[in-house]
Amino acid sequence: MEEEVGMSIVTSMREKIRLRVIEALMRARDAKKISYRQLPEFVVEVPRDKTHGDFAANIAMLLAKEAKTSPRNIAQLIADNMQNEDGFLEKVEVAGAGFLNFFLNTSWIYEVLPKVIAEDQRYGTSAYGNGEKIQVEFVSANPTGLLHMGNARGAALGDALSSLLEAAGYDVTREFYINDAGNQIDNFGRSLEARYLQLHGQDALFPEDGYHGEDIVDTVKNIIEQVQDKYLNIDSELRREFLIQKALEEKLASIRYDLARFGVDYDVWFSEQSLHDSGIISQTLQELQEKDYIYEKEGALWFKSTIFGDEKDEVMVRSNGIPTYFAADIAYHRNKFERGFNQVINIWGADHHGHVARMKGAVTALGYNADNLQIMLMQLVRLYRDGDIVRMSKRSGQYITLSELIDEVGKDAARYFFVMRNPDSHLDFDLDLAKEESAENPVYYVQYAHARINSIIKAFTGEMPCGNEVDLSVLKEQAEVELIRKIADLPDEIIGAAISREPHRMTRYAHELASQFHSFYNSCRVLTDDQDLRNARLLLVDATRITLRNVLELLGISAPERM
RNA sequence: GUGCCCAUAGCUCAGUUGGAUAGAGCAACGGCCUUCUAAGCCGUGUGUCCGGGGUUCGAAUCCCUGUGGGCACGCCA
């Protein structure tokens, strides 16, 4: 049975209609006016076109074949047999190919506002997820450098998705996987060492594939300030070990700082090195060996990922005995499921799409359901400045950092831009455009609505009316009714965006809500002399404020009180 | 070459998972401030939904195929 508590008003209207449709059909069948065995899955949806009613159902078209009669006949039969003693339905129409259009008695929409105001910060949230544990791993950038635009997109998407899932009633853990082991760390060490020696006037050779970025030089300069030339005449391996440790500390601190500035707050920072240290990697390897998913070839150990649809098998342990990144990642994913997450979501750049099949294969091999590992791929970000594409490469150190992005564009605009687009499409980020504080920037449109509301509330000197004491049925203007309906949609919008893993739906919703408000603002005056109307509109405006603020909060965007 | 992703208005993109006459923003043009913020509102028009087949009551959406673009194909991560 559906739990009645916490269900949104829109959902309960939808369910009420669904029930009455089913009852009507059964009544018609009892009266031998129609025959069918099984009821098809049908939808009760809010039609795009307002003239098609508040809700519409497609059941007649789906039942036509089985019932051996025309969709319009079936729809008419349902309409004639609908129970409506309580006047819940204003009218029911048969339209188009056999749609049922339901026009509801408008009284239900006036329940929305008191509910929003009572729930306040909690409005929009629901218990849909039943507290199920979900982990979202995102960004997980190499700590050898600074965060770039791709990381920024991942941060905005991952954080918004996490917030959405939380609002939909899931128990969410935000996690950052720190790649502090493996080849790139060795490379990092050699790069640091070369810079350290160079900065002391020595003629050290910089590794070909090393980290050429200026930020590495700065890091080494900072270390030198602390230790001077103490590590100049010392065993190279010890020197590298020390430099790596100090540099990782600094890099990680700056990554944490930048993400915090971007409004992203992680629950867990998980070290890859800890998997090596604790022996979990070799344990996992052994388990896979026992299950016969591993074989040896040319001195290396391979995982049979081809049996899970991968293009080729993948090396787990190199011939030099060092496990690959893939081996560590498998151990990490085993660890995730062992920690009791029902679902695990990874946000990856699309350049990693080749790993999806083998990672899911590894999860299956370990005895877990691969469907519970969802990998959200996002296409890469292309950056434009002065009309030209800015080539970005971490190795060469040529890239715009998250930190610079926040300085230039601002957190709010940047986050809105990243979440606004479908992750499946390339994002052309025009820095000059995003910087512009003009109407071109959609985030201002939404924030402006919030600021306007606050300005109305400030201008009102009396006492805010109480939800239950106001007759809201005076809100009859089209702009008023449509605004209320948009407000009422929030809980279902959140659930829909959360379960489909599509945070970008929420920016659209935010924009539509703001649009509906601006339209209302221009056609209806809130602070009028008519006290009843004024009070009702004050409540409407306050509920809009709460809804807008809650959506912006989900997206990690501030809701300014004045602009 | 093989695999994955993308292709919708002049530009940037939505399109509620298969529904009714495909929508926003920007750009263009015309109107609206003595009023709670004009970073706003109202109006004007634009489509070979990349091409071609198929599935069905119904396709931008699902399947096949062709074209164009991006990405990946390492004992890197």
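Applying the condition of being under 14 Å from A:SER274 (Cα atoms) and touching a Phe, Trp or Tyr at 6+ places or on another chain (Cβ under 9 Å) to segment A:313-333 and asking which residue is surrounded by the most Cβ atoms within 10 Å (Cβ to Cβ) yields A:ILE330.
Out of the residues in segment A:476-502 that are outside any helix (DSSP H, G or I) and closer than 29 Å to A:GLN343 by Cα, state the one that is nearest to RNA strand B (Cβ to nearest atom). The residue in question is A:SER500. Looking at segment A:461-483, is at least one residue farther than 19 Å from A:LYS115 by Cβ, acidic (Asp, Glu) and at pLDDT below 95? Yes, segment A:461-483 contains a residue that is farther than 19 Å from A:LYS115 by Cβ, acidic (Asp, Glu) and at pLDDT below 95. Taking segment A:71-86 as the range and being open to solvent by less than 60 Å² (accessible area, probe 1.4 Å) and closer than 19 Å to A:ARG37 by Cβ as the test, the residues that pass are A:PRO71, A:ILE74, A:LEU77, A:ILE78, A:ASN81.
For segment A:344-361, does any single residue satisfy the condition of being outside any strand (DSSP E or B) and on the phi > 0 side of the Ramachandran plot? No. Would you confirm whether any residue within segment A:474-487 is open to solvent by 30 Å² or more (accessible area, probe 1.4 Å) and within 24 Å of A:GLY169 (Cα to Cα)? For segment A:474-487, residues open to solvent by 30 Å² or more (accessible area, probe 1.4 Å) and within 24 Å of A:GLY169 (Cα to Cα): present. State the number of residues belonging to segment A:47-77 that are part of a helix (DSSP H, G or I) and more than 9 Å from RNA strand B (Cβ to nearest atom). Residues that pass the stated criteria total 10. The lone criterion from (1) in contact (Cβ under 8 Å) with a residue 40 or more places away in the chain; (2) over 31 Å from the mean Cα position of the chain (by Cα); (3) on the phi > 0 side of the Ramachandran plot left unmet by A:TYR196 is number (3).
Considering segment A:250-339, the qualifying helices (runs of 4 or more DSSP H), each wholly inside and each with 1 or more residues that are farther than 23 Å from A:PHE138 by Cβ and either within 15 Å of RNA strand B (Cβ to nearest atom) or touching a Cys at 6+ places or on another chain (Cβ under 7 Å) (or both), run over A:280-290. Of note, A:ILE453 does not satisfy the criterion of being out of contact with any Pro (no Cβ under 6 Å at 6 or more places or on another chain), among the hydrophobic types (A, V, I, L, M, F, W, C) and over 16 Å from A:VAL116 (Cα atoms). A single entry from A:ARG452, A:ARG505, A:ARG534, A:ARG525 fulfils the requirement of being open to solvent by 40 Å² or more (accessible area, probe 1.4 Å), within 12 Å of RNA strand B (Cβ to nearest atom) and touching a Gly at 6+ places or on another chain (Cβ under 8 Å): A:ARG505. Please determine whether any residue of segment A:20-39 is open to solvent by less than 50 Å² (accessible area, probe 1.4 Å), in a helix (DSSP H, G or I) and within 14 Å of RNA strand B (Cβ to nearest atom). Checked segment A:20-39: at least one residue is open to solvent by less than 50 Å² (accessible area, probe 1.4 Å), in a helix (DSSP H, G or I) and within 14 Å of RNA strand B (Cβ to nearest atom).
When the residues of segment A:120-158 are filtered to those that are in contact (Cβ under 8 Å) with a residue 12 or more places away in the chain, assigned to a helix (DSSP H, G or I) and open to solvent by 10 Å² or more (accessible area, probe 1.4 Å), the one that is farthest from A:HIS212 (Cα to Cα) is A:ASP120.
Rundown of residues vs (1) among the acidic types (Asp, Glu); (2) closer than 27 Å to A:GLY129 by Cα; (3) assigned to a helix (DSSP H, G or I), yes/no style:
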{"site": "A:ASN522", "(1), (2), (3)": "no, no, yes"}
{"site": "A:ASP529", "(1), (2), (3)": "yes, no, no"}
{"site": "A:LEU552", "(1), (2), (3)": "no, yes, yes"}
{"site": "A:MET563", "(1), (2), (3)": "no, no, no"}
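Pairing residues of segment A:54-75 that are without any contact (Cβ under 8 Å) to a residue 24 or more places away in the chain and more than 18 Å from A:VAL92 (Cβ to Cβ) with residues that are surrounded by fewer than 17 Cβ atoms within 10 Å (Cβ to Cβ) and of a type in the set (A, V, I, L, M), at Cβ distances under 8 Å and at least 6 apart in sequence or on separate chains, gives no pairs at all. Residue count for segment A:363-382 under the criterion of being closer than 16 Å to A:ASN335 by Cα and within 10 Å of RNA strand B (Cβ to nearest atom): the result is 0.
List the residue pairs whose Cβ atoms are under 8 Å apart, where the first residue sits in segment A:351-362 and is more than 8 Å from RNA strand B (Cβ to nearest atom), the second is open to solvent by less than 30 Å² (accessible area, probe 1.4 Å) and of a type in the set (A, V, I, L, M), and the two are 6 or more positions apart or on different chains. Within 8 Å, the pairs are A:MET359/A:ILE330; A:MET359/A:LEU373; A:LYS360/A:ALA370; A:LYS360/A:LEU373; A:GLY361/A:ALA370; A:ALA362/A:LEU288; A:ALA362/A:ILE330.
Of the residues that make up segment A:231-248, is at least one farther than 30 Å from A:ASN320 by Cα and in contact with a Leu (Cβ under 7 Å, 6 or more places away or on another chain)? No, every residue in segment A:231-248 fails to be farther than 30 Å from A:ASN320 by Cα and in contact with a Leu (Cβ under 7 Å, 6 or more places away or on another chain).
Could you tell me whether segment A:383-393 includes any residue that is modelled with pLDDT under 95, farther than 19 Å from A:ARG501 by Cβ and near RNA strand B (Cβ under 9 Å from one of its atoms)? Spell out the reasoning first.
So in segment A:383-393, the residues modelled with pLDDT under 95 come out as A:383-393.
Pick out the ones that are also farther than 19 Å from A:ARG501 by Cβ and you get A:383-393.
Filter once more, keeping what is near RNA strand B (Cβ under 9 Å from one of its atoms): none.
No - not one qualifying residue is present in segment A:383-393.
The values are calculated or read from the model by the stated rules, or taken from the named source; none is laboratory data. Remember, it's a predicted structure, so these values are computed and weren't measured experimentally. Cβ sites come from the backbone with ideal geometry, for glycine too, and all protein chains shown count toward neighbours. Accessible surface areas use protein heavy atoms only, side chains included; no ligands, DNA or RNA. Shrake-Rupley method; radii C 1.70, N 1.55, O 1.52, S 1.80 Å.
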